[in-house]
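Working notes, beginning with the structure itself.
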Amino acid sequence: MELHQVRYFLAVASTLNFTRAAEQCNVTQPALTKGVQKLEQELGGQLIYRERQLTQLTDLGKEVLPMLERTLASAEAVRRRAQEFQRKDVAPLKIGLAPSISASLVLDPIAEIAKFVPGLHVELREGAAEKLVDLLLEGEINAAMVGDVQDVPARIDDWSLFEERYVAVLAPTHRLANRRSIGIDDLRETILLERADCDVAAKIQQSYFPEEPPQLGHCSGHDLHLQHMAAAGFGVILAPEHMPRLPTLKTIPLEGDPVSREVRLLAVQGRRYSPALDAFVKVARLRDWSFEGSDRRVPHAAVPEVARAPA
Amino acid sequence: MTTTRAAAADRFQPIDPQSDDSSPMLNQTDKTLARIRTELLTTFSAADWESYNHLVGWLRDTDVASHALKVGDDAPDFLLPDVDGRLHSSEQLRRNGALVVSFFRGGWCPFCTAELCALQAAKDEFESIGATLAVVTPETRDFPRQLKRSLGLDLKVLSDVDYGVAMSYGVLFRVPDEIKAHYSGLGFDFGARHGSPVWMLPIPATYVIDAEGRIRSAFVEPDFTIREEPAQILASLRQAAFTFK
């Protein structure tokens with residue numbers, strides 16, 4: 001397929017009017033129609049349903065539209081990057097992070113993008129996954145990283161980036177602090193600090209506390225709050241493995257079938273990707289998110305006692 | 001920190017569903033790609049032949065390759081991540097000499113892995129004449145990383161996330177439904193590999209681009225079993241250098 005054919009089709013899809021689409025693309029209507037027909041031939045079916053006054057997308061048209069929009073945006077991002085560069089534009093990039101996603105995860109991607117998008121200006125926002133979805137739809141943020149999330153609207157693209165386990169985090173003075181791993185029975189007999197709006201709360205409940213609820217201690221929606229409380233000896237937190245920890249805390253793996261979750265990248269479909277967003281999405285979807293970088297063969301049991309941010 | 005990611009390796013599917021220890025393909029760099037092709041074709045099942053003939057016939061009938069960029073065209077610039085998420089721009093890659101861009105279908109395709117091994121074997125020769133080689137896959141996530149590791153490649157493997165570069169070179173097509181069913185049956189989920197619900201693939205193609213960004217040679221072959229021999233790419237590079245420097 002060719003770029004111009006895709007442009008013609010996207011113009012028809014947004015105007016639902018061949019005359020206006022042709023004007024938008026600066027071509028004659030027969031040329032536009034021919035381009036769309038060629039694309040239809042290649043994609044193996046009609047994309048647009050035409051009957052008298054009515055112009056509508058067919059099911060196939062609706063199916064391929066988001067993909068073609070993304071592909072075209074991706075193809076055009078390079079040219080727009082050159083223009084931004086010449087005009088010395090500021091390149092804003094607003095990234096939403098769920099409370100269980102540490103900013104440490106996006107630092108390296110941001111540094112990488114900044115090499116190629118000199119005007120890059122990043123704004124990070126924190127919010128629960130549902131809130132971030134709303135912000136995406138409103139155009140208030142460009143991308144979001146969330147944990148397990150329910151009901152992502154069809155207008156939002158959603159890619160799984162990596163999976164990670166939950167681990168126990170506690171003060172070195174805690175009675176469980178010298179264990180190599182913590183079993184489910186121990187967990188049931190200890191006080192857990194409650195993470196408000198935790199996206200894996202249901203999974204934890206199901207895996208570790210199917211009969212009796214855990215003994216919950218103090219509560220916060222903020223990971224750092226929980227860490228300070230854990231460091232003060234108020235209880236144990238269950239935290240995603242990537243989360244950087246206060247140096248005064250210890251990390252201990254959980255026994256049995258550990259709770260894990262997927263970290264996902266969300267972005268709105270059909271928006272013109274800015275060069276900064278385009279680069280962010282590309283880096284995020286290729287990056288090696290595992291924590292030990294080049295050496296992935298370290299066995300699970302060898303969890304170091306001092307946690308580090310992923311390099 | 002330690003990992004939870006070892007499981008990712010388990011998800012990586014075999015490069016060649018038919019391969020075993022007697023695979024005729026890997027590390028046989030003394031053979032031409034044409035010879036390896038002949039050997040690989042002997043491993044085709046009846047279903048493979050049917051799918052192969054259907055796809056190649058369809059690509060020829062719809063003349064998909066007619067969109068592909070040709071010698072003398074300006075090569076579209078790109079900015080793509082490598083297997084570690086580091087970005088590479090085409091301007092940088094061709095700053096000091098010619099750039100060879102080779103589109104391949106993915107780590108699941110034995111003809112692609114044979115081609116990648118042949119390019120790897122010729123890498124020093126490419127570099128000795130000042131050329132840079134970049135191979136481009138539609139695959140994302142850890143698939144390109146696993147491919148690079150499993151074949152021991154030291155090549156720039158770039159991921160054409162969302163197909164933008166293949167589209168701008170005119171080598172992109174939608175996988176017809178019959179072919180999709182065949183590949184699904186073999187266990188290849190391009191949706192997961194590419195991160196796209198619509199299955200697209202590039203026609204394998206090899207371009208030689210000069211330092212000014214002009215296409216000097218173009219090899220575009222709808223028959224995905226046929227690839228440009230590294231010796232031929234080297235000849236194109238030498239000719240381009242001879243003609244224009």
Looking at A:55, A:71, can you tell me which residue is away from every other protein chain (no Cβ under 14 Å), among the β-branched types (Val, Ile, Thr), touching a strand residue (DSSP E or B) at 6+ places or on another chain (Cβ under 8 Å) and closer than 30 Å to residue A:45 by Cα? A:55
Just one listed residue, out of A:165, A:180, is farther than 23 Å from residue A:149 by Cα, within 14 Å of another protein chain (Cβ to nearest Cβ) and modelled with pLDDT of 90 or more, and it is A:180
Condition first: more than 14 Å from chain B (Cβ to nearest Cβ), on the phi > 0 side of the Ramachandran plot and not in a strand (DSSP E or B). Can you find one or more residues in segment A:112-123 that meet it? no
Considering each of B:224, B:242, B:219 in turn, give the residue that is modelled with pLDDT under 95 and either in contact with a Cys (Cβ under 7 Å, 6 or more places away or on another chain) or surrounded by fewer than 21 Cβ atoms within 10 Å (Cβ to Cβ) (or both). B:242
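Checking the condition more than 14 Å from chain B (Cβ to nearest Cβ) and at positive phi, which residue from A:26, A:17 passes?
Sole residue among the options that is more than 14 Å from chain B (Cβ to nearest Cβ) and at positive phi: A:26.
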Picking from B:129, B:203, B:179, the residue that is at pLDDT below 95, of a type in the set (Val, Ile, Thr) and either closer than 23 Å to residue A:73 by Cα or touching a helix residue (DSSP H, G or I) at 6+ places or on another chain (Cβ under 7 Å) (or both) would be B:129
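Count, please, the residues in segment B:74-93 that happen to be part of a loop (DSSP other than H, G, I, E, B) and either out of contact with any strand residue (DSSP E or B) (no Cβ under 6 Å at 6 or more places or on another chain) or under 15 Å from residue B:165 (Cα atoms) (or both).
Of segment B:74-93, the ones part of a loop (DSSP other than H, G, I, E, B) are B:75-78, B:83-86.
Cutting the leftovers down to either out of contact with any strand residue (DSSP E or B) (no Cβ under 6 Å at 6 or more places or on another chain) or under 15 Å from residue B:165 (Cα atoms) (or both) gives us B:75-78, B:84-86.
Result for segment B:74-93: 7.
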Of the residues B:119, B:55, which single one is within 14 Å of another protein chain (Cβ to nearest Cβ), part of a helix (DSSP H, G or I) and modelled with pLDDT of 95 or more? B:55
What about residue A:35, is it touching a helix residue (DSSP H, G or I) at 6+ places or on another chain (Cβ under 8 Å), small (Gly, Ala, Ser), within 28 Å of residue B:180 (Cα to Cα) and within 11 Å of another protein chain (Cβ to nearest Cβ)? no
Taking segment A:65-89 and keeping only residues that are over 30 Å from residue B:197 (Cβ atoms) and of a type in the set (A, V, I, L, M), one is left with A:82
Considering every residue within segment B:80-92, establish whether at least one is under 18 Å from residue B:228 (Cα atoms), buried (at least 23 other Cβ atoms within 10 Å of the Cβ), of a type outside the set (D, E, K, R) and modelled with pLDDT of 95 or more. no
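The values are calculated or read from the model by the stated rules, or taken from the named source; none is laboratory data. Quick caveat, the model's predicted, so the values are computed rather than measured. Cβ atoms come from the backbone with ideal geometry, glycine included; neighbour counts cover every protein chain shown.
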